[in-house]
Each structure stands twice: as C-alpha cells, then as structure tokens.
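Presented below is the structure to which this report refers.
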Amino acid sequence: MPSAAPEFSRAAIKEIVRVGDPYLWIDEVVALSDEQIVARKFLDPGLPIFQAHYRDFPLFPGALQCEAAFQASAILIARTMPASPGHVPVIARVRNTKFRSMARPGEMLEIIVSQRGRIAKAVDLHGKLTADGRTTTELRFTATEAPVTTATAGTG
C-alpha cells in the first residue's frame with residue numbers, strides 16, 4: 001500500500017509527466033510508494049473535452065483514461081528510476097484494456113497504477129481507474145524511455 005504522498009505542485013507534476021494543459025490528466029497525487037501511485041483528476045464539467053465528446057451525453061473518453069494512467073506511471077517510475085538525460089518516458093505496449101463503466105462530468109477520477117515488474121528500463125504496470133467508486137477502466141501496459149532526437153524535439 002502506498003504511503004501518503006509528498007506534496008506535488010501542479011508545476012512539479014507537469015515537470016515529471018512532461019505534458020501541459022490542456023493535456024495533463026493528473027490534479028493531485030494522493031499516495032505514492034516505490035510500487036504504487038494513487039492520483040486523482042476532477043472531471044470538471046467545464047473541460048473542453050466535454051463540449052466535443054458526445055455533446056448531448058458527455059463522457060470522459062476511455063483513451064484519455066488510459067492517458068491518465070500513463071501520466072501517473074511517469075510519476076511512479078520517476079520515484080525510483082528517473083529518465084536518463086536526453087530521454088522522455090514513453091509507453092511501449094498496451095494490453096488487456098477493459099472499459100467497464102463511463103466516467104462523466106463532475107466525477108472524481110481516481111487513478112491507481114501498480115508496478116508489476118521491471119527488466120532494465122522497461123516497467124510492466126497495471127492501471128485501474130474508478131469514478132465515484134465504480135471501476136471505469138483497467139489496463140496493463142509497459143513503459144520505458146526514448147531518446148529525444150532533433151527530429152522529435154519540440155513536437156508534442
């Protein structure tokens with residue numbers, strides 16, 4: 001079980017995850033250990049995604065729920081294995097993804113990512129997301145790092 005998380009400002013989360021608004025899907029880190037992170041994202045009804053994704057029945061997309069898990073994994077991995085200089089965290093594989101329930105505007109999304117194993121710089125992870133106590137998404141994925149090259153520098 002993760003221990004209480006050290007304080008992470010939004011700027012610190014952005015620095016670790018390496019993305020900014022409006023694509024940052026982590027508001028706070030609730031608990032953190034070497035093996036697991038618990039993070040949260042409030043699905044503010046004013047988020048632009050809700051104006052476009054099923055305007056008459058707004059949903060937080062499953063693909064973005066996966067992205068929230070990926071971002072939480074970057075914080076988890078950085079705790080014990082910071083990215084090498086000139087490298088960024090990337091997702092190398094996604095498998096066994098299950099979308100179980102919808103996440104809606106106004107709900108609190110809880111993101112739990114657990115490390116399952118590690119081989120060199122590749123980390124096997126399990127993500128489980130819930131909204132108001134219901135499991136919305138579960139997935140297994142592998143994270144690693146990739147060099148930032150001249151061709152990719154400044155994109156994204």
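Rule-based calculations on the coordinates, nothing more; no lab input. Here the structure is a predicted model, which is why all the values come from computation and not from measurement. Heads up, the Cβs are rebuilt from the backbone with ideal geometry, glycines too, and the neighbour counts pull from every protein chain shown.
Take every Cα pair under 8 Å in the stretch 90-135 that's 6+ residues apart, average their separations, divide by the length, and report that relative contact order as a whole percent.
34
Enumerate the calculated ³J(HN,Hα) couplings along the stretch 134-149 in order (Karplus 6.51 cos²θ - 1.76 cosθ + 1.60, θ = phi - 60°), each rounded to whole Hz, writing x wherever the residue is Gly or Pro.
Per-residue couplings from phi come out as 9, 5, 9, 8, 10, 7, 10, 7, 10, 10, 8, 9, 10, x, 7, 10 Hz.
Would you mind calculating the relative contact order of the chain from Cα pairs under 8 angstrom and at least 6 residues apart, reporting the percent as a whole number?
Relative contact order here is 23 percent.
Name all residues of the stretch 128-151 having a backbone nitrogen under 16 Å from the label point set 7 Å from the Cα of V94 along its Cα→Cβ direction, giving them as ranges.
128-130, 136-144
Can you put F57, F70, F42, F8 in order, fewest other beta carbons within 10 Å first?
Fewest-to-most Cβ neighbours within 10 Å comes out as F57, F42, F8, F70.
So which lysines can K41 reach, going by Cα to Cα under 23 Å and dropping same-chain residues fewer than 8 places off?
Filter leaves K14, K98, K128.
Note the per residue figure in Å³ for the convex hull of the C-alpha positions in the chain.
120
Suppose R0 equals 22 Å; then what is the FRET efficiency for A122 and A31 from their Cβ-Cβ distance, rounded to the nearest 0.05?
0.35
Pick from R100, R18, R55: which is most flexible by mean-square fluctuation in a GNM of the chain where alpha carbon atoms under 10 Å apart are linked?
R55
Please give the calculated 222 nm ellipticity per residue for the chain, where each DSSP H segment of at least 4 residues contributes -39500 (n - 2.57) and the sum is spread over every residue; nearest 500 deg cm²/dmol?
After summing the helix terms and dividing by the residues of the chain, the value is -6000 deg cm²/dmol.
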